[in-house]
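S.K.: Sharing a structure with you now.
The values are calculated or read from the model by the stated rules, or taken from the named source; none is laboratory data. Everything numeric in this text was worked out from a predicted model, so none of it was measured. Every residue, glycine as well, gets a Cβ built from its backbone with ideal geometry; the counts of neighbours run over all protein chains shown. Protein only, heavy atoms only, side chains kept; ligands, DNA and RNA dropped before computing areas. Shrake-Rupley method; radii C 1.70, N 1.55, O 1.52, S 1.80 Å.
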Amino acid sequence: MRWDAQALERGDSPAGLSADSPAAPALLPLAGLVRSVSTPEFAGVTFHEVTAKSVLNKVVAGSMMPFDWTINPYRGCSHACVYCFARKSHTYLDFDAGLDFDSQVVVKINAAEILRKELAKPSWRHEHVALGTNTDPYQRAEGRYQLMPGIIGALADSGTPLSILTKGTLLARDIPLLKHAAAQVPVGVGISLAMTNEELSEAVEPGTPGPRARLKLISRLREAGLPCGVMAMPILPWLSDSDDALDSLFGALAAAGATGVTAGALYLKPGTREWFMQWIAREHPQLAGKYRRLYGSGSYASKDYRAWLAGRIRYFKDLHGFSGSQGFSHRDLDGGTNHDDARQEEAQYPAGSIPDVSGHAGTRDAGPAGTAHSGSAGSSSACSSSAQPTLF
């Protein structure tokens, strides 16, 4: 059962359960391992506390991501999203991409200390650093370890722009710190939210705060004067891609005051694909064959489906005042785009989620939180057929 949003935000445990169990023996020879801990308040989860030698990660050359540096204070994620694209990264630690990813969480307990040392090096160029690009920095473990305040403080004090992408309402704890940081350096904030259906959300992302809690967080961020872009991903074929679902999603995001939205279809890279397909076969067996045909042997839905979904997303973005921004999963599928190369759709983040290092706002005025924005639903991009192609 999903924890209530306030408990998730505080990192609280069930009543009467607070003491650590005895340290468990290490399951694996993890580099820098201090101890492995299981606690009653995090039933089913083992924390592997490690001391890291470095926490700044250089993005691989040739990446299309709009940043060159990342920090991941945690590996593995108790959010347990069945579609999480980062699952395979756990196999690099000799864990599996399924239950181990959800339950074996590596914690870099010295992250803030090491980061300050790295940022103090004369060679550091104060480039934008992104958090939340692999596993969520505000998963429930953050309520126990409280690594993010030290990380945010280190980045801001060094003059380094930063961005955070999360599903975790625990971020609300650090709003005052983020406001202080934003007075020192450019700050971007992104929330991941791709559906308003609470029941579906609990089924596919059981360890996260629900949609209503994340919408409230968006409003709180905007009321605090912070930007908040939304990554509306993944849109799930036949589960959250109907007109009613998309209308509800974009309407709620506009009402919450989101500064921008990027949306796109489910991405099934190896490691994720196997876990998600098992879930579909178990929970929605009538869709299993459709998903196999839609994705074939690859990671991306067919180009016809992506083009169809892009049109629906543009329509509802226009309808709710998000026109003029990227419509699909990272890039619109328009005439100039190579529809055969799904990677060409990547690398556009929603307005507000990436720090504006140029000194210019560059985002639409979302207005006061809670104010929806009317758009032009009659534009040509809004006239796409709502009928899903039959081959899907």
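S.K.: So residue 153 clears everything in (1) in contact with a strand residue (DSSP E or B) (Cβ under 9 Å, 6 or more places away or on another chain); (2) open to solvent by less than 30 Å² (accessible area, probe 1.4 Å) except one condition, right? Which one?
M.R.: (1)
S.K.: Here's another thing I want to ask about it. Return the residues of the range 29-54 that are without any contact (Cβ under 8 Å) to a residue 60 or more places away in the chain, open to solvent by 20 Å² or more (accessible area, probe 1.4 Å) and among the small types (Gly, Ala, Ser); say none if nothing qualifies.
M.R.: 31, 32, 38, 43, 44
S.K.: Of the conditions (1) touching a Leu at 6+ places or on another chain (Cβ under 7 Å); (2) closer than 19 Å to residue 56 by Cα; (3) surrounded by fewer than 17 Cβ atoms within 10 Å (Cβ to Cβ), residue 179 clears all except one; give me its number.
M.R.: Of the numbered conditions (1) touching a Leu at 6+ places or on another chain (Cβ under 7 Å); (2) closer than 19 Å to residue 56 by Cα; (3) surrounded by fewer than 17 Cβ atoms within 10 Å (Cβ to Cβ), the odd one out for residue 179 is (2).
S.K.: Is there a residue being without any contact (Cβ under 8 Å) to a residue 40 or more places away in the chain and acidic (Asp, Glu) anywhere in the range 211-223?
M.R.: No; the residues of the range 211-223 include none that is without any contact (Cβ under 8 Å) to a residue 40 or more places away in the chain and acidic (Asp, Glu).
S.K.: If the Cβ limit is 7 Å and pairs must be 6+ apart or interchain, which residue in the range 257-271 that is farther than 18 Å from residue 236 by Cβ and touching a residue at least 12 places away in the same chain (Cβ under 8 Å) pairs with which residue that is of a type outside the set (S, T, N, Q) and in a strand (DSSP E or B)?
M.R.: Taking only residues 6 or more apart or on different chains, the pairs are 258/229; 258/230; 259/229; 260/229.
S.K.: Could you give me the residue pairs with C-beta distances under 6 Å whose first residue belongs to the range 131-160 and is more than 20 Å from residue 86 (Cα to Cα), whose second residue is at pLDDT below 95 and part of a loop (DSSP other than H, G, I, E, B) wherever it lies, and which are 6+ apart or on separate chains?
M.R.: Every condition considered, the pairs that remain are 143/11; 144/11.
S.K.: Here's a follow-up. Of all residues in the range 88-143, count the ones that are open to solvent by 10 Å² or more (accessible area, probe 1.4 Å), in contact with a Pro (Cβ under 7 Å, 6 or more places away or on another chain) and in a strand (DSSP E or B).
M.R.: Matching residues across the range 88-143 total 1.
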